[in-house]
Every structure is written in C-alpha cells, then in structure tokens.
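> Input: one structure, supplied below.
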Amino acid sequence: MSHGEQHLTHDGGGHAEPLEHAHPGARTYTIIGVILAIFTLAEVWAYTFEPLRPLLVPVLLVLSACKFAMVVGFYMHLRFDHPLFTGVFGFGLAVAASVITALLFLFHQYPLPHVE
Amino acid sequence: MARTAPVVLDSGSVTPPALESPLVLEHPHPSIGIDNRKLLMWAFLASDCMFFGTLIATYMVYKNRSVVPPFPRETFDVPYTSVSAFVLLLSSLTMVLALASIQRGEERRMRVWLSATALLGCVFLGGQFYEFTTFYRDGLTLSTNLFGSTFFTLTGFHGTHVAIGVFWLLSLVVHSFRGRLHQEHSLFVEIAVLYWHFVDIVWILIFTLVYLIPD
C-alpha cells in the first residue's frame, strides 16, 4: 500500500467512496512521540506526588488510556485505516477488558482466603 | 457487450466490472478492498489482546494475596522501569519513522530506523533481564509467592513478544540489505509496525497497572 493512497470500497454500482485516508508524516509521528513522553513523565510525577495520592488511580488510568489511544490511533493508523480493522481489534480489546472487569468484580465479591 | 473498467484495489485484487447481463457473472467474489495479510495481523493482535487481558486479570486478582515476602512495593524500582518504558516508547517512534521512510522510497533511512528500533528493543530486553536477576537475588522467583508467579508470567510473556519483534525487525533489515525490500513491499514493514506497537501498548498497560498503581 503506497503512502497517501486512498483506498476504495466498491458498492457494485460503479460508485466508490474513500474508507481510508493518507497516513500522517514524520512530523506528526514526532509530535505524537513527544506527547507520549510527556504523558509518561506525568505518570511518574503523579506516582511520586504525595498530595495526589487519593486521585492517583484515576489519573494514572486516564493518562494510560490516552497513551494507548494515541499509539493505536496514530502509530497503528486505526484512525486512518479501514473501519474493519477497528472492529476486529476493538472486539478483542472489549473481550479482554470484560475479562479483567468480570474477574476483578468476581474476586471482590467472593474473595479468596489469604492462604498459599 | 459494454463493460466498465475494472476497479483495482490496494491488495492487487480486481473486482469484476459491472456487466449489463447478470448471466455472465452469477457469483462474483466481492472484495472489501483491504489486504488479507493486514487483516490477519489485526485478528492476531485482537487474540493477543485477550491473552494479555487474562494475564493482567490474573495478576490483579492475586495482587496483595501473597503471604510470603517479597511484596511488590518493596520490590519495584519505578524510576528504573520508567526509563525502560521511555525506551520502548522511543522505539515506537523510530519504528513508525521506518515505515514513513519506506513509504517514501528511502530504503537506507528505513534500515537505519529499523536497526534503531531493534537496538532499543534489545536495550529494553537487557533492562528486563537486569530487573529479573535483581528480583531473583532479592528472593523473588516464579515459585516464591503469588506475586512472583503472576508477575514473571506476565512480564516474561511480554519480553518474549519483544524478543520475537527484535528478530522480525532484524530479518527485515537483512532482507533490505539483500535488495528484497523496496517501496512496493511496504506492507511487510507495516505489518511488523503493527506488531511492534502492540507490544508497546501492552507495556503501557503493564507499566500503569503493575508498577504504578499502588497496592
């Protein structure tokens, strides 16, 4: 697939409409990289900043989700590629998130005894 | 019989032209216009998401249930791991710059960026090896307690993914040196890019959920 190429979908009637768009260039990638580095620094700062302790978990989760979304959207091109890729990956991600949430809820409701 | 021009899609497949008579092509094979290899990689990454999801869930469920030390808080060296996280993030940038280079036809630059990515991956692996050996010296092994078992399984599998990625990148560099990787083959680099970034986003989650979130 060549850079900047628009990909077409064919509806059988000869009409084609773009579903994918040009990938960003090196400048955008570098800007995203700088933002990711800043977010990581913010995570470490939040971890060491004692007054933020009550809000630490939500702050870290939000920062982590932002980094995740930026890498997937820009570096992995989901923002620009065919929506089917988003659907396929989103399905796997949703299953993984559901498993984590369900297990945490289950073990919170029915905790294990502290025995090894 | 009048025919319209065939539509060539990015994967190289050609959709049948619209025909006046439906008898000629009764069962056309429609294409959605995406490369099957790329779709396969996304499907693999989706399944890998579930794999790491279960490992992360297991770690979190068993968190704080160890009765034998060492425990996470006294074991982790967060500043050290932060540097590892930076290294992996930086490797994501160099990886995507390699893709941008081959898409512009700059093969030499692509080799430089790919080699840099592989080098950063090796630095991350070296850091992980040092971390593991330090933990081992502190008495934390795979069978010491629940923390050791879940932690080493999770981060060990991630490290294995990084190691596979490094070999993949080096093979691309070798292919490029042998003149087998040109601009028209950028899809091969793009698929490797997807894998590498997936490894990076998994570490983003591990770094936050395992290392930073308090007990």
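The values are calculated or read from the model by the stated rules, or taken from the named source; none is laboratory data. Because the structure is predicted, anything quoted here is derived from the model rather than measured. Neighbour counts are summed over all protein chains in view; Cβ atoms, including those assigned to glycine, are modelled from backbone coordinates with ideal geometry.
> Can A:VAL72 be described as under 18 Å from B:PHE207 (Cβ atoms), within 7 Å of chain B (Cβ to nearest Cβ) and of a type in the set (Val, Ile, Thr)?
Spelling it out, A:VAL72 is indeed under 18 Å from B:PHE207 (Cβ atoms), within 7 Å of chain B (Cβ to nearest Cβ) and of a type in the set (Val, Ile, Thr).
> In the range B:50-98, which residue that is out of contact with any Leu (no Cβ under 7 Å at 6 or more places or on another chain), among the hydroxyl-bearing types (Ser, Thr, Tyr) and crowded, with 17+ Cβ neighbours inside 10 Å is nearest to B:VAL199 (Cα to Cα)?
B:SER92
> Select, from B:LEU142, B:LEU114, B:LEU97, the only residue that is facing another protein chain (nearest Cβ under 10 Å) and not small (Gly, Ala, Ser).
B:LEU97
> Filter the range A:46-69 down to residues that are more than 25 Å from B:LEU90 (Cβ to Cβ) and facing another protein chain (nearest Cβ under 7 Å) and give me whichever is surrounded by the most Cβ atoms within 10 Å (Cβ to Cβ).
The extreme case among them is A:LEU56.
> Can you pull out the residues in the range A:5-29 that are at the interface with chain B (Cβ under 7 Å from one of its Cβ atoms) and at pLDDT 60 or above?
The answer is A:GLY25, A:ALA26, A:TYR29.
> Moving on. Scan the range B:32-49 for residues that are within 8 Å of chain A (Cβ to nearest Cβ) and surrounded by 17 or more Cβ atoms within 10 Å (Cβ to Cβ) and jot them down.
B:GLY33, B:ILE34, B:ASP35, B:LYS38, B:TRP42, B:LEU45, B:ALA46, B:ASP48, B:CYS49
Every residue, every condition in (1) over 12 Å from the mean Cα position of the chain (by Cα); (2) more than 14 Å from chain A (Cβ to nearest Cβ); (3) among the polar types (S, T, N, Q); (4) surrounded by fewer than 20 Cβ atoms within 10 Å (Cβ to Cβ), yes or no:
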site	(1), (2), (3), (4)
B:PHE151	yes, yes, no, no
B:HIS175	yes, yes, no, yes
B:GLU184	yes, no, no, yes
B:PHE188	yes, no, no, yes
B:VAL193	no, no, no, no
B:PHE198	no, no, no, no
B:VAL202	no, no, no, no
B:PRO214	yes, no, no, yes
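> Determine the pairs where a residue that is at pLDDT below 95, located within the range B:124-143, has a partner that is assigned to a loop (DSSP other than H, G, I, E, B) with Cβ atoms under 6 Å apart, the partner being 6 or more residues away or on another chain.
Sorted first by the residue in the range B:124-143, then by its partner, the pairs are B:ASP138/B:PRO70; B:GLY139/B:PRO70; B:LEU140/B:PRO70.
> Same structure again: Looking at B:THR153, B:THR144 in this structure, which one is assigned to a loop (DSSP other than H, G, I, E, B) and of a type in the set (S, T, N, Q)?
Just one listed residue meets the conditions, B:THR144.
> When you scan the range B:78-94, do you find a residue that is at the interface with another protein chain (Cβ under 10 Å from one of its Cβ atoms) and aromatic (Phe, Trp, Tyr), even just one?
yes
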